[in-house]
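See below for the structure under consideration.
The values are calculated or read from the model by the stated rules, or taken from the named source; none is laboratory data. What you are looking at is a predicted structure, and each value in this text was computed from that prediction instead of being measured. Reconstructed Cβ throughout: ideal geometry from the backbone, glycine too, with neighbour counts over all protein chains shown. Heavy atoms of the whole protein, side chains included, go into the accessibility calculation; ligands, DNA and RNA do not. Shrake-Rupley method; radii C 1.70, N 1.55, O 1.52, S 1.80 Å.
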Amino acid sequence: MAFVFLLLLACSLMTAASAGNLDQNFQLTWGDGRAKILENGQLLTLSLDKASGSGFQSKNEYLFGKIDMQLKLVPGNSAGTVTAYYLSSQGPTHDEIDFEFLGNLSGDPYTLHTNVFAQGKGNKEMQFHLWFDPTKDFHTYSILWNPRHIIFMVDGMPIRDFKNMESKGVAFPKNQPMRIYSSLWNADDWATQGGRIKTDWAKAPFTASYRNFNADACVWSSGASNCPSKKSNSAGWWNQELDSTSHQRMRWVQKNYMIYNYCTDQKRFPQGLPPECSIA
């Protein structure tokens, strides 16, 4: 009996390690050595200097799931830098779910930029400041993506819920499997205060760190998902949506920390706001 318990414990530990092992789940794609997987696959770092940034992508493609990653962002004067962490398919009609972290001068807050693309069209930006310093320690950034919702979360706090409103003519990502991508790159032509603040290369190299990846998700392979419908229907995230408490928490974040919402930008949409903006 004790042997069976130890065997089960070992299997559970192996599963947890596999979920978090970055070497098993990701491949470094560019940066000429500036991206590194360290500590036996438990830590991944991207760096940026004047010559180049760096990036990685997941080995698997996913079609729905809950994706978690802990990030610690570039500290100090990060003006001009962008740390992008997102899901995306390929091609001109690609789908995409974005977290982008726009750096700033020392002491000023990062801007967390979110966006959703469906069938090649985005323009659904919401931006936030964070209620903590994201450079001091690791924090968990999550995307919950099921057939009815895309929920962005920070340390389990929902900050945005993009709902499936295809019945109102709004495209929703649901047919194209997506990989996870991340990159650290220089965008000082627009990233910080509209490009007015440039990257201080004397502070390079800039480094962002990643750990504790977990994907409770449907892996897409050879044209099919590994989630049979019964399993999908029983998965906690498959039918998940925000309850009343989670809605209150999201409203608190949006009231206190949202700095841009495309659904209130009437100057940008003089012919009328996008249809999803008028739907409660």
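Values as computed for the structure displayed
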quantity: Violating pairs (Cα-Cα greater than 30 angstrom) within the set Lys59/Lys163; Lys203/Lys255; Lys163/Lys255; Lys36/Lys203; calculated: Lys203/Lys255
quantity: Assigned charges on the beta-carbon of Lys, Arg, Asp, Glu; the stretch 188-280 dipole about Cα centre (debye); calculated: 160
quantity: The chain, accessible surface, carbon-and-sulfur percent (1.4 angstrom probe); calculated: 51
quantity: 1.4 Å probe accessible area per residue over the stretch 145-280, in Å²; calculated: 55
quantity: Accessible solvent surface per residue of the stretch 40-81, calculated while the other protein chains remain in place, 1.4 angstrom probe, Å²; calculated: 30
quantity: Selected from Leu38, Leu105, Leu46 as most flexible by GNM, with the chain as the system and alpha-carbon contacts under 10 Å; calculated: Leu38
quantity: Given charges at beta-carbon only (K, R positive; D, E negative), |dipole| of the chain in Debye; calculated: 340
quantity: Nonlocal amide H pairs with Thr111, under 5 Å, H built at 1.01 Å; calculated: Leu102
